[in-house]
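The values are calculated or read from the model by the stated rules, or taken from the named source; none is laboratory data. Model, not experiment: these values are computed from the prediction. With ideal geometry, Cβ positions are generated from the backbone for all residues, glycine too; neighbour counts draw on all protein chains shown.
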Amino acid sequence: MTDFTSNGPRTSGHRTTQKRGTEFLFYFTLIFLVAIPFATAFWALEVFQKQTLNLHGPLARAWAEADRITPLIFQA
């Protein structure tokens with residue numbers, strides 16, 4: 001009988017990334033462009049409330065939103 005619990009499958013150490021197609025990039029770009037005005041408004045509101053610029057900027061916020069929403073579209 002073989003014990004498979006002690007030695008797991010070998011990996012090359014490289015993180016495998018999913019190749020994103022043109023359709024994914026199209027939707028990502030579209031969502032990113034739509035998210036920029038909203039991210040700018042919420043960023044300005046948070047800067048006014050916290051009175052600091054030590055926050056993620058509007059482009060980083062819009063990028064994060066697009067990166068969060070776009071994969072949800074492609075889930076099957």
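Within the range 51-68, residues that are in a loop (DSSP other than H, G, I, E, B) sit with their Cβ atoms under 7 Å from residues that are of a type outside the set (Val, Ile, Thr), at 6+ positions apart or across chains, in these pairs: 55/43; 55/46; 57/43. Among the residues that make up the range 28-41, is at least one of them of a type in the set (Phe, Trp, Tyr), at pLDDT below 95 and either out of contact with any strand residue (DSSP E or B) (no Cβ under 6 Å at 6 or more places or on another chain) or surrounded by 11 or more Cβ atoms within 10 Å (Cβ to Cβ) (or both)? Within the range 28-41, not a single residue is of a type in the set (Phe, Trp, Tyr), at pLDDT below 95 and either out of contact with any strand residue (DSSP E or B) (no Cβ under 6 Å at 6 or more places or on another chain) or surrounded by 11 or more Cβ atoms within 10 Å (Cβ to Cβ) (or both). Being surrounded by 14 or more Cβ atoms within 10 Å (Cβ to Cβ) and either free of Cβ contacts under 8 Å to residues at least 12 places away in the same chain or not hydrophobic (A, V, I, L, M, F, W, C) (or both): is that true of residue 20 here? Here the answer is no, as residue 20 does not meet what is asked. Scanning the range 44-76 for residues that are among the aromatic types (Phe, Trp, Tyr) and under 18 Å from the mean Cα position of the chain (by Cα) gives 63, 74.
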